[in-house]
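Have a look at the structure below, then the notes.
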Amino acid sequence: MTSTAKTRYNQKVLQSLYQISEISSQAKDLDSLWQPLFQQILQIMQVDAGTLLILEGNVLQRKVAIGLDPQIMQEPPIPLGKGISGKVAQSRKPQIISDLTREKTASAVLQQADLHSLITVPLQARGQLLGVLSIFTRQQRQFQRSDLELLSTISNQAALSILAIKSSDLLLENQRKLEQLDALNQISKSISSLFNFEETLYTTLGVMAKIFHSEKGLLTLLDFKTHLLKGVLPAFGLADNQALDFRVRTEEAISGQAFYRGIPILQNQIDSQTKEVLKRAHIFDVKSMIAAPLRVKSQTLGVLHLFSQSENNFQKVDLGLFSILTSQAAVVVNSSMMFSQIAEEKNKAEILLSSIGEGVYAVDKDLKLIFVNSAVEKLTGWLSEEVAGQRYSEVLPLLDKDKKPIAPEERPLKQVLNSGKTISRSQGYFLERRDKTSFPIAFTTAAIYNAQGKITGAIVAFRDKTAELEVEEMKKELISIATHELRAPITGMKGYLEMILEGQTGQVPAETQEVVSEVWQINENLAILVDDLLNVSRLEQGRMQFNLQPIDAAEQIEATLKTFQAQAKKKNLKLEFQKPTKPLPQILADPERYNQVLINLVSNALKYTIQGKVVVVLALDRAGRYLETQISDSGVGISGQDQKHLFEKFYRIKNAKTRQVSGTGLGLWICKQIAQRMSGKIRVRSQEGVGSTFSFNLPVVPR
Amino acid sequence: MPAVPPQNRGKILIVEDDQVLARMYQKKFELDGYQVEIAFSGTEGLDKAKSGQPNLVILDIMLPQMDGFEFLRHFRANPNTKDTPVVILTNLGTSKALLDEAQKFKVGAYFVKYQISAKEIARKVEEILQTLG
């Protein structure tokens with residue numbers, strides 16, 4: 001080139017560069033950058049085509065293709081390292097290809113485009129790779145170093161511009177995000193007072209009004225019964241009556257739209273329906289508004305509104321943030337509502353628990369008291385405020401039947417917490433009051449579960465049994481006294497009947513004799529019953545005395561059997577005592593009680609034996625510690641089923657074969673109790689139709 | 001064939017606070033031919049013993065105010081009655097302690113009220129009085 005040509009060329013280049021820098025600095029966004037930029041590039045570089053790829057993630061996305069088949073825009077993004085562009089991007093080194101036909105790595109489209117030469121340069125700014133820029137010629141061209149420098153200069157400019165635009169976009173986005181975060185933060189802070197619905201709502205509306213530069217905010221909630229959205233208090237920037245008079249049908253106005261469409265809606269021109277609603281509520285001077293539904297778990301609770309007296313106060317871009325904030329508000333509103341419901345339920349439960357007479361208390365997993373009803377206060381003398389949060393074992397000590405404290409680890413509540421199995425006890429426990437006195441209780445304790453089925457605590461319901469026990473004692477006393485009082489009359493009757501039967505009161509006709517005999521027998525049975533009842537009564541009240549002393553069982557047996565010989569003879573039965581072959585040790589027992597059991601068993605044996613014999617045997621156990629007295633008969637025997645219940649109170653055998661002479665069902669129970677009180681045991685072996693052996697053992701006097 | 005009771009076989013004092021029993025025993029012994037007096041307390045018993053001079057006393061242990069043993073102390077202390085035979089009726093059972101106590105006062109027989117019939121008491125009474133002659 002001549003020097004003038006060179007100067008002119010240089011001027012042109014400068015001009016172009018100037019143009020490019022103008023384009024670059026003025027481009028507001030990337031889209032308005034590419035086209036003019038490339039036009040300039042094609043001109044200044046005197047090439048036929050160009051393309052620009054921008055790095056997005058790990059791939060190069062084609063943004064512009066000038067002078068090329070538009071098809072090329074449909075091609076998939078090029079990964080780093082692949083093809084010419086990918087390699088340049090990866091290596092960050094420009095590449096010049098003079099003869100494309102020889103290049104195998106070029107894309108198909110490029111080859112089809114009939115392009116011959118190219119330069120590809122990386123687009124870098126501030127050390128950051130932004131993409132790749134390529135220019136192409138149809139004719140073969142030997143690109144010079146100066147071409148490369150020129151293109152690089154241009155691409156540097158372009159890169160800087162891209163960076164500037166991107167940065168500014170980022171800044172704007174950041175600013176928005178900061179605003180959002182700030183708003184969320186403010187609302188979150190107010191969540192700490194979550195349990196106060198009014199406070200939370202007011203704060204939320206206030207924050208939102210501020211962010212969106214509006215003066216009024218109102219929450220409406222759906223009334224399920226009337227299907228209306230009704231304004232709730234508190235409202236922001238509105239009087240109470242304005243808020244409460246704001247009522248909207250779910251199909252009408254902007255509120256209705258937001259409600260059933262489930263999206264936020266803004267209106268910079270208020271529609272007539274909404275105007276009506278605002279008029280009804282006496283809300284004037286609303287030029288623009290925004291409304292969003294409050295949704296929680298696919299249920300729409302209501303609609304939140306912001307009103308502004310400025311026109312066009314709200315922009316589309318505000319909808320996103322407004323939506324986010326409204327969903328936050330929804331969670332808050334829902335939680336508050338649920339909490340009020342729970343509080344209401346809790347109140348109801350408390351009222352219920354207060355009204356029942358039983359004491360009810362609950363503990364958490366750490367055994368701290370979380371609830372105590374008013375009955376507990378009355379029964380123990382504690383105030384619920386004093387004991388809340390305390391370890392329950394310190395405040396409500398449990399005592400055993402001897403009024404000794406039960407260790408916390410041993411308490412039924414602890415077991416319930418571990419096993420989850422409900423425990424009920426009606427006797428043997430006392431509860432200590434605040435003043436250290438105690439009273440008998442009956443209680444039930446059960447585990448408390450959370451929604452996931454885990455044990456989170458336990459609950460106890462108990463009642464004061466003092467009155468009950470007093471009544472029980474009085475009952476027993478009464479029975480004792482009454483039966484005692486029956487003895488004298490019965491004995492009296494026996495005496496008189498005897499006098500009649502003996503003929504002492506005059507001659508007794510045969511019929512009278514028979515009848516009076518029956519009465520005599522009835523009276524005898526009565527005497528036995530009263531005797532049994534008195535024994536039972538004494539045993540239950542712990543009033544039966546046992547004067548334990550060494551006694552000779554054989555002697556006792558001999559003496560007792562003598563008194564039964566007459567009875568045995570009458571029934572034609574043999575009654576014998578198998579005397580022990582060698583002397584047996586003495587037993588430790590109360591002689592009267594020993595006799596009582598012996599008499600009962602021998603009497604039974606004779607009663608239930610029709611023919612044969614009754615034999616009494618003494619047997620020493622192998623260890624020599626217990627001496628057993630055995631009464632065997634050849635009577636009717638006892639079925640297996642009956643044997644199981646034989647020693648229970650009031651159990652009588654229902655057997656058609658046995659003649660029920662008497663039989664209160666108490667005799668054997670009494671024998672069992674007596675044997676046990678003397679540290680012995682009683683048992684039966686029997687075979688129906690063969691006979692029975694009743695035996696009771698008592699401890700031998702230790703040497 | 002009803003037995004004809006011999007007339008006036010002696011005088012018996014019954015010290016028993018239960019009216020039903022006292023009257024029944026009284027009837028029995030009267031049918032048996034004895035003269036019978038009843039006292040419902042220890043004090044009354046001592047008075048009636050002094051004035052009536054019974055041949056035998058049937059004594060209940062459980063008496064109001066003065067119990068049977070205290071009665072016996074006074075009874076035996078009195079030279080007039082220190083040898084009068086006594087038959088004890090009790091509902092307290094036959095523990096050794098009680099029997100020993102009774103022995104101290106030279107009691108002729110010891111019966112548990114509700115385990116014995118009036119017939120048996122009468123038989124014993126007859127036995128005792130006969131041995132005395």
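The values are calculated or read from the model by the stated rules, or taken from the named source; none is laboratory data. Note that the coordinates shown come from a computational prediction; the quantities given were computed from them, not determined experimentally. Backbone-built Cβ (ideal geometry, glycine too); neighbour counts: all protein chains shown. For accessibility, only protein heavy atoms count, side chains too; no ligands or nucleic acids. Shrake-Rupley method; radii C 1.70, N 1.55, O 1.52, S 1.80 Å.
Points worth noting:
- Residue-span extension gain [A:ASP402 to A:THR7] - 0.36 nm each, minus C-alpha spacing: 130.1 nm
- Across chain A, the volume of the C-alpha convex hull divided among the residues equals 383 Å³ per residue.
- Extension gain, A:GLN611 back to A:GLN390 (0.36 nm per residue minus Cα-Cα distance, nm): 72.2 nm
- For region A:554-592, the set of trypsin sites (Lys or Arg not before Pro) satisfying both a DSSP loop assignment and a count of at most 15 other C-beta atoms within 10 Å is given as A:LYS571.
- B:ARG123, A:ARG138, A:ARG62, ranked by accessible area, largest first (probe 1.4 Å): B:ARG123, A:ARG138, A:ARG62
- In region A:447-501 the Cα-Cα distances spread across 5 Å bins starting at 0 as 4, 13, 10, 8, 8, 7, 8, 7, 6, 6, 5, 4, 4, 3, 3, 2, 0 percent of all pairs.
- Per-residue SASA remark: A:TRP520, around 70 Å² accessible (1.4 Å probe; ligands, DNA and RNA not included).
- Rounded to the nearest 20 debye, dipole of chain B from Cβ charges on Lys, Arg, Asp, Glu: 300
- With only the Cα atoms considered, region A:559-703 has a convex hull volume of 117 Å³ per residue.
- Pairs beyond 27 Å (Cα-Cα), from A:LYS579/A:LYS607; A:LYS404/B:LYS96; A:LYS414/A:LYS672; A:LYS348/A:LYS378; A:LYS421/A:LYS681; A:LYS562/A:LYS649: A:LYS404/B:LYS96; A:LYS414/A:LYS672; A:LYS421/A:LYS681; A:LYS562/A:LYS649
- Accessible area of A:PHE224 in the full protein assembly, 1.4 Å probe (Å², nearest 10): 140
- Modelled label positions at A:GLN139 and A:VAL59, each set 7 Å beyond Cα in the direction of Cβ, lie 3.8 nm from each other.
- A:SER327-A:LYS378 FRET efficiency (beta carbon distance; Förster radius 56 Å; 0.05 resolution): 0.70
- Note on region A:446-550: with neighbouring protein chains present and a 1.4 Å probe, carbon and sulfur make up 59 percent of its accessible heavy-atom surface.
- Hits among lysines - C-alpha to C-alpha of A:LYS494 under 17 Å, sequence gap 8 or more where chains match: B:LYS27, B:LYS28, B:LYS113, B:LYS119
- The 1.4 Å probe gives accessible areas that order A:LYS230, B:LYS28, A:LYS401, largest first, as A:LYS401, A:LYS230, B:LYS28.
- For region A:131-259, the Cβ-based charge dipole about the Cα centre amounts to some 540 debye (Lys, Arg positive; Asp, Glu negative; other atoms uncharged).
- What the Cβ-Cβ distance of A:VAL690 and A:GLU558 gives, at R0 = 35 Å and to the nearest 0.05, is a FRET efficiency of 0.85.
- Per residue value of the accessible surface for the protein assembly as shown (all protein chains in place, 1.4 Å probe), Å²: 54
- Rounded to whole numbers, the Karplus 3J(HN,Hα) couplings from phi for region A:393-404 are 5, 7, 8, 10, x, 9, 10, 7, 5, 9, 6, 9 Hz, using 6.51 cos²θ - 1.76 cosθ + 1.60 with θ = phi - 60°, and x at Gly and Pro.
- Heavy-atom accessible surface that B and A bury in contact, both chains counted, 1.4 Å, Å² to 100: 1600
- Between A:ASN241, A:SER255, A:GLN687, the Cα set farthest toward the positive side of the dipole of chain A (charges on each charged residue's Cβ, about the Cα centre) is that of A:GLN687.
- Amide H contacts of B:ILE116 (H built 1.01 Å from N, under 5 Å, at least 5 apart or other chain): none
- The relative contact order of region B:6-133, computed from alpha carbon pairs under 8 Å that lie at least 6 residues apart in sequence, is 22 percent.
- Among A:ILE351, A:VAL331, A:ALA510 - extreme Cα towards positive end, dipole of chain A, charges at beta-carbon: A:VAL331
- Relative contact order of chain A, pairs being alpha-carbon contacts under 8 Å that are 6 or more residues apart, as %: 5
- The accessible-area loss of region B:16-39 on complex formation, taken against its chain alone with a 1.4 Å probe, reaches 20 Å² or more at B:VAL20, B:LEU21, B:MET24, B:LYS27, B:LYS28, B:LEU31.
- Label zone at A:ASP271 (point 7 Å along Cα-to-Cβ), backbone N below 19 Å, region A:305-332: A:305-308, A:312-316, A:319
- Taking the DSSP bridge list for the protein assembly as shown and keeping only pairs wholly inside it, about 80 percent are antiparallel.
- Region A:625-646 and region A:145-178: distance between their alpha carbon centers, rounded to Å: 110
- Between A:GLU149 and A:ASP99, the modelled labels are 2.8 nm apart [label points 7 Å from Cα along Cα→Cβ].
- With a Förster radius of 56 Å applied to the beta-carbon distance between A:ASP621 and A:GLU485, the computed FRET efficiency rounds to 0.80.
- Cross-link reach is defined here as a Cα-Cα straight distance under 19 Å, omitting same-chain residues fewer than 8 places apart; for B:LYS82 the lysines meeting it are B:LYS11, B:LYS48, B:LYS50, B:LYS104, B:LYS106.
- Annotation: extensible slack from A:LYS475 through A:LYS681 equals 71.2 nm (criterion: 0.36 nm per residue apart, minus Cα-Cα distance).
- Apolar share of the accessible surface for region A:388-427: 44 percent from carbon plus sulfur atoms, 1.4 Å probe.
- When +1 charges are put on Lys and Arg Cβ atoms and -1 charges on Asp and Glu Cβ atoms, the dipole computed for the protein assembly as shown relative to its Cα centre reaches about 2440 debye.
- Residues losing 10 Å² or more accessible surface upon assembly, region A:473-492, compared with the chain by itself, 1.4 Å: A:HIS484, A:ARG487, A:ALA488, A:PRO489, A:THR491, A:GLY492
- Distance in nm between pseudo-label sites at A:GLU75 and A:GLN35 (7 Å out along the Cβ direction from Cα): 2.3
- For the set B:MET66, B:MET24, the ranking by accessible area, highest first and with no ligand, DNA or RNA atoms included, is B:MET66, B:MET24 under a 1.4 Å probe.
- Farthest positive-ward along chain A dipole, Cα basis, beta-carbon charges - from A:GLY457, A:ILE342, A:LEU539: A:GLY457
- Using C-alpha pairs under 8 Å with a sequence gap of at least 6, the mean separation divided by the residue count of region A:1-154 gives a relative contact order of 20 percent.
- What a 1.4 Å probe finds exposed on region A:130-277 is 53% carbon and sulfur by accessible area, rounded to a whole percent.
- Exposure of B:ILE128 as accessible area (Å², to 10), given a probe of 1.4 Å and all protein chains: 20
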